[in-house]
Amino acid sequence: MCFAHSKGVRYVMTGDYPANKLSNATARSAWVKQQADTALSQHLDGINIDFEATLSESDAPNLVALVNETAKAFRQANPYAQISFDTPFAAGCTWGRCYDYKNLSESCDFFVIMDYDMSDPYMAISNDPIQRIKIGVESFQADGIPASKLITAFPWYGYDYECTHVYKDSICSRVGQQYNAQSSRQLCYNIITQMLKNLSIVGTLNSTFVSKFFDYTDKGTGKPHQVWYDDPETLVVRYLYAKNADLRGVSMWQAECLDYGPDPETKRLTKAMWDAIDKFMQPQYDKKET
């Protein structure tokens, strides 16, 4: 924390709250006090509320109350406290989360839009299709939330899908496997780059999703697999979209998905990922390139 502050960086805590206690005002107050006391004692700069539970519209006001109470308590202790809230890729009832985003935004400095895990149950696709990202951002703006309160977080990981069939144009069908948790797995970017190296191949760019993929056969099972992922080339497109849309910022999940070891090649790959996200911060970068 002290190191972060020495670099002019805010250091915030994360907080989650049990959905089944949202209507319990006493439990809310106790939780809020505990979070605020922790932040004050540890000299933290705010809180990121990572509430990802499904919620009905009738319960949405209770979530607003929780966030309002949290923001009030933190700012009473520290007027400069930063309050953020994690959201799915789109407003409305996306993923069963029928939150009142407009009223939530009133208490928050910004939302962190989790632009990842947008998989399809029947076929292998990108983790974060570019059109869904744009539609999602527009849905928040349609709710009256300004671009200055929106941060988009993109994945530094991909998915490895087991295919039941591979059709023309490299379409990996998951029909029959879509409810099998073992038929797909998350892979960090550093693992994916190692797979590409071991297979002596490069990923193929899909122009519709603006993500990359490659195929391989599992030596143990003999079954076809398809891996979808993003790299500096595809992520720059997303960062520049956010810049062009005048969003507040960009982020990722997660920084630990890179290799920070001493090997020259892994250092190059890691630097390329950080250099890509830096494009959002460069005022001289031509926004028209998007």
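The values are calculated or read from the model by the stated rules, or taken from the named source; none is laboratory data. Keep in mind that this is a model prediction, so the values were computed, not measured. Cβ coordinates were reconstructed from backbone atoms using ideal geometry, including for glycine residues, and neighbour counts include every protein chain displayed.
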Discussion item. Out of everything in region 144-176 that is farther than 29 Å from Leu269 by Cα and touching an Asp or Glu at 6+ places or on another chain (Cβ under 8 Å), what residue ends up being surrounded by the most Cβ atoms within 10 Å (Cβ to Cβ)?
Written reply: Arg174
Discussion item. Looking for something under 25 Å from Phe89 (Cα atoms), in contact with a Lys or Arg (Cβ under 9 Å, 6 or more places away or on another chain), at pLDDT 95 or above and crowded, with 16+ Cβ neighbours inside 10 Å - is there at least one such residue anywhere in region 21-38?
Written reply: yes
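Select from region 219-247 the residues that are among the polar types (S, T, N, Q) and at pLDDT 95 or above and write down the one among them that is nearest to the chain's Cα centre (by Cα).
Step one: of region 219-247, the residues among the polar types (S, T, N, Q) are 221, 226, 234, 244.
Filter again for at pLDDT 95 or above, leaving 226, 234, 244.
Working: Gln226: 22, Thr234: 15, Asn244: 19 Å.
So, considering only residues that are among the polar types (S, T, N, Q) and at pLDDT 95 or above, the one nearest to the chain's Cα centre (by Cα) is Thr234.
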Discussion item. So Ser148 ticks every box in (1) assigned to a strand (DSSP E or B); (2) more than 30 Å from Asp259 (Cα to Cα); (3) not hydrophobic (A, V, I, L, M, F, W, C) but one. Which box is left unticked?
Written reply: (1)
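What do you reckon, is Thr208 surrounded by fewer than 20 Cβ atoms within 10 Å (Cβ to Cβ), touching a strand residue (DSSP E or B) at 6+ places or on another chain (Cβ under 9 Å) and of a type in the set (Ser, Thr, Tyr)?
Working: surrounded by fewer than 20 Cβ atoms within 10 Å (Cβ to Cβ): yes; touching a strand residue (DSSP E or B) at 6+ places or on another chain (Cβ under 9 Å): no; of a type in the set (Ser, Thr, Tyr): yes.
So Thr208 fails the test.
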Worksheet item: Do the conditions hold for Phe154, that is, is it in contact with a strand residue (DSSP E or B) (Cβ under 6 Å, 6 or more places away or on another chain), under 20 Å from Phe51 (Cβ atoms) and either part of a strand (DSSP E or B) or among the small types (Gly, Ala, Ser) (or both)?
Response: no
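Picking from Phe110, Phe89, which residue would you name as being within 23 Å of Asp143 (Cβ to Cβ) and in contact (Cβ under 8 Å) with a residue 60 or more places away in the chain?
Values: Phe89 fails: in contact (Cβ under 8 Å) with a residue 60 or more places away in the chain.
Of the residues listed, the single one that is within 23 Å of Asp143 (Cβ to Cβ) and in contact (Cβ under 8 Å) with a residue 60 or more places away in the chain is Phe110.
Is there a residue being among the aliphatic types (A, V, I, L, M) and within 18 Å of the chain's Cα centre (by Cα) anywhere in region 37-51? Let's see the steps before the verdict.
Kept after step one, since they are among the aliphatic types (A, V, I, L, M), are these residues of region 37-51: 39-40, 44, 47, 49.
Then keep just the ones that are within 18 Å of the chain's Cα centre (by Cα); that gives 47, 49.
Looking for residues that are among the aliphatic types (A, V, I, L, M) and within 18 Å of the chain's Cα centre (by Cα), one finds at least one in region 37-51, hence yes.
Going through Asp231, Asp246 one at a time, which residue ends up being touching a Phe, Trp or Tyr at 6+ places or on another chain (Cβ under 8 Å) and either surrounded by 20 or more Cβ atoms within 10 Å (Cβ to Cβ) or under 26 Å from Phe110 (Cα atoms) (or both)?
Working: Asp246 fails: touching a Phe, Trp or Tyr at 6+ places or on another chain (Cβ under 8 Å).
Result of the check over Asp231, Asp246: Asp231.
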Practice prompt. Would you check which residues across region 74-122 are among the hydroxyl-bearing types (Ser, Thr, Tyr), surrounded by 15 or more Cβ atoms within 10 Å (Cβ to Cβ), in a loop (DSSP other than H, G, I, E, B) and modelled with pLDDT of 95 or more and list them?
Written response: Tyr99, Tyr116
